[in-house]
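To keep things clear, I will list the structure first and then write my remarks on it.
Please treat every number below as a calculation from the coordinates, not as lab data. The shown structure was predicted, so the numbers you read here are calculated from the model rather than taken from an experiment. Counting neighbours? That spans all protein chains shown, and the Cβs are built from the backbone with ideal geometry, glycine included.
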Amino acid sequence: MKKNLYTVLGMALALAIGSGVASCGESKDEKAAPAKKTAVADSVALPNYRYVDMDTLLTKYILAKDYNEEMIRMQENLESETKKHQTSLQALASQIQNKVQNNSYLSQESFDTDQQKLASMQSNAERSVGMMQQKYAEATMKAQQAVSDSVTAFIEAYNKKHGYDAIFNKAAALHFNPALDITDEIVEGLNARYNKVKK
């Protein structure tokens, strides 16, 4: 049942980063400079776009980590609540079955009372677990939106200073020159801003 929030967030952010900062055209530097064979390249000779590794970003961004820990706690609580209800229901069902097998019911009325109790417990269990599942789904959507909005807003502000034609999600291409990776720089800026807000 457990899903890593990073995986879910990564899919949501793939669209945000892939299209959030993109007016990708070939820059003058890209036309003039020959292709580099090594990962290390002079920044002047690099094309006017960069990329971000979203998997790495999500594992290092403190906001995403905080939300992921919250989602894991909610999942564990949901699983614990589900098991608790299952155990109670199984215990009562076994008790009823044993009474039937041993002819322990003195009347149809007492059997019906236990059956109604079992049905009521099952209904309460379904309602309780259903509410927790709904809260978990809502919290997951909220977390996805919060992290996506935060990353997108930061990258847009970051790009106003740097003026790249596009900033891509690494997952959007088969290969990028590692010299174009700005993941660590983005993570550092995101965490600095997040820690400042938390203080």
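Okay, here's what the table says:
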| read-out | value |
| --- | --- |
| Net charge of neighbours whose Cβ lies under 13 Å from the Cβ of LYS142, counting Lys and Arg as +1 and Asp and Glu as -1 | -3 |
| Of LYS60/LYS160; LYS60/LYS196; LYS117/LYS142; LYS60/LYS84; LYS99/LYS135; LYS83/LYS135, those spanning more than 27 Å from alpha-carbon to alpha-carbon | LYS117/LYS142; LYS60/LYS84; LYS99/LYS135 |
| Gained length - ALA119 relative to THR56, 0.36 nm times residue gap less alpha-carbon distance | 17.8 nm |
| Under 5 Å, built H, 5+ apart or other chain: amide partners of ASN48 | SER27, GLU30 |
| Per-bin percent of Cα-Cα distances, the stretch 82-167 [5 Å] | 3, 12, 13, 11, 9, 7, 7, 6, 6, 5, 5, 5, 4, 3, 3, 2, 1 |
| Under 14 Å from LYS170, Cα to Cα: aspartates and glutamates that are on another chain or at least 8 residues apart | ASP53, ASP55, ASP181, ASP184 |
| Karplus-derived HN-Hα couplings along the stretch 135-151 (A = 6.51, B = -1.76, C = 1.60, θ = phi - 60°), whole Hz, x at Gly and Pro | 4, 5, 4, 5, 5, 5, 4, 4, 5, 4, 5, 5, 5, 4, 4, 5, 5 |
